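Each value in this text was obtained by applying a stated rule to the coordinates, not by laboratory testing. From a predicted model like this one, the values you see are computed outputs, not experimental measurements. Glycine also receives a Cβ, built like all others from the backbone with ideal geometry; neighbour counts cover every protein chain displayed.
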Ligand SMILES: Cc1cc2nc3c(=O)[nH]c(=O)nc-3n(C[C@H](O)[C@H](O)[C@H](O)COP(=O)(O)OP(=O)(O)OC[C@H]3O[C@@H](n4cnc5c(N)ncnc54)[C@H](O)[C@@H]3O)c2cc1C
């Protein structure tokens, strides 16, 4: 039997995507004779943003043998319990989308059903008061979840904010220690097999030739292999997602960082503010159809209270996805595979799931088209699910004070999203498809945060004793409040576990 096993993988790009793939695949194939080479160009550099994550990142680095503290310390990281949305409904409005559950189900009836009934009767507080994650974040506190939670009320998860450059360095260190070969240089030419267009090698500008069997394109927006070489095509979603520009800037840090990402609605998009130990990452994601770049810069700067470490840096993007995430012998990860926008910190998570898919559908040298089709189908679905979740934010936001927000409110949305919203509105149903990154509590957080309420609740609620429900709700609310009172501030937690805040680090970074 012919041996068709892949023996060499070439990863093009040493940003977050490239180094995550290198570290993870090297560990996965550790005993197999598969060479993994990564090529990166100092001349081109990396995108330099991508600093807020969702909890799956912790499973990712733990599988590499890294602990939370290892990563927090190595990346000047802070803890993230969720995202705080401010001014998305009206000036001064705010809610947190936490990583965790709300309340407890009662006799098989979902929390949100009976909470809704009691809320309408004015016998329940705001949803966030029944979520430990949301309440900790709102109070600027942090504690790790109990390994054996006494009740589902204590179930929450957390993620990290990290310095993107330091995280890539950590991945690089892990990958190189495991045997990944790194080549520094700029690729000027990609060679293909004449008969079928498969990639055979890449040529660096200094003449070096790097051959491979499977190529992973992590070259960022340019899609050096997947687009510039293979002309795969891109599905443009800018008719649904209107933001296409960002301005990114770092500012000096604070000794007391919040335990969530802050996203503030602005006139033509929104501003992120990501707390790290040594600095903040800030940026304005906006629509060039509604604001000029210079005006966006003025607006961004006016919202940042601390000293900027450099001038805001412009980034352009087209929301959408590569039509085939895998084409011939080239698979894409990271920005080369598509980009929605960073509102829910999904890009790095999509890199993680992309790597998982590569492992699950790992080809041999015959590159079975059925594997490729399956990979592309999974990727398409996953991107579409994330897209719908993000569009929901814009559609449901109650702001209507600028042309941008009115346009978002009035815009068409994908049928898949319209169906989900209708099902929720009719009786609080959540529709969850395969390859869905966000689970019902996340959808609930956003529906509730933007005031989308079901017209009706599960009829089983009426079989439950209303007085008993009121008592349980009050007990849950108090239990959350007590835990929040007892929890350390985020800063105390970081000082205790990662060392003191050092203001001079911000200057060193600058
Ligand atoms: C404004 C903005 C904010 C974001 N915020 C978040 C966030 O909060 N959370 C999140 O999860 N994601 C976020 N993202 C996405 C995140 O930044 C990316 O998913 C992540 O950084 C991965 O990027 P990458 O590795 O694909 O590309 P890049 O960082 O662009 O790396 C590309 C690599 O390819 C190399 N390369 C390119 N061409 C060549 C060549 N010819 N020869 C050799 N090497 C080459 C480059 O040198 C570089 O090493 C954000 C993105 C943007 C645009």
Next item on the list: Treating the angle as unsigned and between 0 and 90°, give the value, to the nearest 10°, between the Cα long axis of helix 347-360 and the longest Cα principal axis of the chain.
Entry: 60
Check: Taking only Cα atoms, what is the 0 to 90° angle, nearest 10, from helix 164-177's long axis to the longest principal axis of the chain?
Finding: 50
Note to self: Below 8 Å, C-alpha to C-alpha, sequence gap of six or more: please give me the relative contact order for the chain in percent.
What the structure shows: 22
Note to self: Ignoring solvent entirely, what values of log10 I(q)/I(0) come out of the Debye formula for the chain at 0.06, 0.08 Å⁻¹ when each Cα is a single scatterer?
What the structure shows: -0.29, -0.52
Item checked: Cα pair distances of the stretch 176-288 binned at 10 Å [whole percent] -> 11, 25, 21, 27, 14, 1, 0
Next item on the list: Please work out the ratio of the alpha-carbon Rg of the stretch 246-316 to 2.2 N^0.38 Å and round it to two decimals.
Entry: 1.05
Next item on the list: Would you please state the base-10 log of I(q)/I(0) at q = 0.11, 0.17, 0.19 1/Å for the stretch 286-430, with intensities from the Debye formula using one equal scatterer on every alpha carbon?
Entry: -0.60, -1.08, -1.19
Notebook entry, point to check: How far is helix 466-486 tilted, in degrees, relative to the longest principal axis of the Cα atoms in the chain, given as a value from 0 to 90 rounded to the nearest 10?
Noted result: 60
Notebook entry, point to check: What is the stretch 350-461's relative contact order, in percent, from Cα pairs under 8 angstrom and six or more apart in sequence?
Noted result: 25
Margin query: Considering only C-alpha atoms, what is the centroid distance from the stretch 451-473 to the stretch 257-331, in Å?
Written below: 40
Item checked: Expected 222 nm ellipticity per residue - DSSP helices of 4 or more, -39500 (n - 2.57), all of the chain, to 500 -> -10500 deg cm²/dmol
Next item on the list: For residue 201 and residue 69, compute 0.36 nm times the residue count separating them, minus their Cα-Cα distance, and round to one decimal in nm.
Entry: 43.6 nm
Next item on the list: Could you rank the peptides 417-423, 307-313 by their average count of other C-beta atoms within 10 Å per residue, with the highest value first?
Entry: 417-423, 307-313
